[in-house]
Amino acid sequence: REVTKKLEGISVPTGYSIEMAGTLKQQGENAQSAFMALLTVIGMIYLIMVAQFNRLSHPFIIMLSLPMAIVGVVVGLVITQRPLNELGYVGVIMLIGIVVSNAILLIDRINLLRNRDKIELQPAILEAVRNRVRPILMTKLTAILGMLPLALAMSEGGALEAPIATIVISGLIFHTIITLVLVPVLYSIFEGVDIWRKNRKKRKKQGRSIIHEMDAV
């Protein structure tokens, strides 16, 4: 990045140009490939969740929480002044895997309480959050502590791999609140709308049934 800035300020004679080559060019190509791999992974995760939940709304709720984790990644990289290189995209993929799994556990618990125990929507959400808050916090804290030595570049060659740990740690910190607050709120909104639509259809069906009975009389 610093080399690119310096090259931009250099004027070259007519007929000459400056272009990236060698290792620097390869790094740029690798970063593009890593970005495409990231998009592919996100798409595959969504399809797998659709197959698991057998509906589109619940995976969509989980995906809506991912941007906040990305905000944490940006903040972490800005604070530490570390670049988003091709290894950084590996960190983003790792981060997505962790945060998605925790959100899946939370939503799956809510569904279990509603379907098996026949608990109403809001009590089921509150109970699921109480049940899952400790496992979610332990999972994220374990991942953060495991990445901390790498983030501090304590190992040999750690400076190259430090962005991976920085991305995972900062993303997990931001997403912790999101998992326990935003995901339940979004679930409540989506399911509330779904319940309202079902009740509306039911009332319309009952109304038509009453009209038919009156006509028959």
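Do we find a residue being surrounded by fewer than 17 Cβ atoms within 10 Å (Cβ to Cβ), over 20 Å from Leu180 (Cα atoms) and not hydroxyl-bearing (Ser, Thr, Tyr) anywhere in region 81-91? Yes, region 81-91 has at least one match.
So is Pro149 part of a helix (DSSP H, G or I), of a type outside the set (A, V, I, L, M, F, W, C) and more than 20 Å from Gly88 (Cα to Cα) or not? Reasoning before the result, please.
Values: part of a helix (DSSP H, G or I): yes; of a type outside the set (A, V, I, L, M, F, W, C): yes; more than 20 Å from Gly88 (Cα to Cα): no.
Here the answer is no, as Pro149 does not meet what is asked.
Applying the condition of being surrounded by fewer than 17 Cβ atoms within 10 Å (Cβ to Cβ) and polar (S, T, N, Q) to region 140-179 and asking which residue is modelled with the lowest pLDDT yields Ser155. Contact annotation: residue pairs with Cβ atoms under 8 Å, 6 or more positions apart or on different chains, pairing a residue in region 192-217 that is part of a helix (DSSP H, G or I) with a partner that is at pLDDT 75 or above and surrounded by 10 or more Cβ atoms within 10 Å (Cβ to Cβ), are Gly192/Leu121; Asp194/Ser57; Ile195/Leu121. Within region 29-43, the set of residues being under 22 Å from Leu186 (Cα atoms) and without any contact (Cβ under 8 Å) to a residue 24 or more places away in the chain comprises just one member, Gly43. Taken over region 77-107, the criterion of being hydrophobic (A, V, I, L, M, F, W, C) and over 10 Å from the mean Cα position of the chain (by Cα) is satisfied by Leu77, Val78, Ile79, Leu84, Leu87, Val90, Met94, Ile104, Leu105, Leu106, Ile107. Residues in region 61-78 that are touching a residue at least 40 places away in the same chain (Cβ under 8 Å) and of a type outside the set (A, V, I, L, M): Ser65, Gly72, Gly76. Taking the criterion of being surrounded by fewer than 18 Cβ atoms within 10 Å (Cβ to Cβ), in contact with a Ser or Thr (Cβ under 9 Å, 6 or more places away or on another chain) and touching a residue at least 40 places away in the same chain (Cβ under 8 Å), the residues of region 99-129 that qualify are Leu121, Gln122. On inspection, Arg109 fails the criterion of being at pLDDT below 85 and of a type in the set (Lys, Arg).
The values are calculated or read from the model by the stated rules, or taken from the named source; none is laboratory data. The model shown is predicted, which means the values in this text are computed figures rather than measured ones. Glycine gets a Cβ as well: all are built from the backbone with ideal geometry, and neighbour counts include every protein chain shown.
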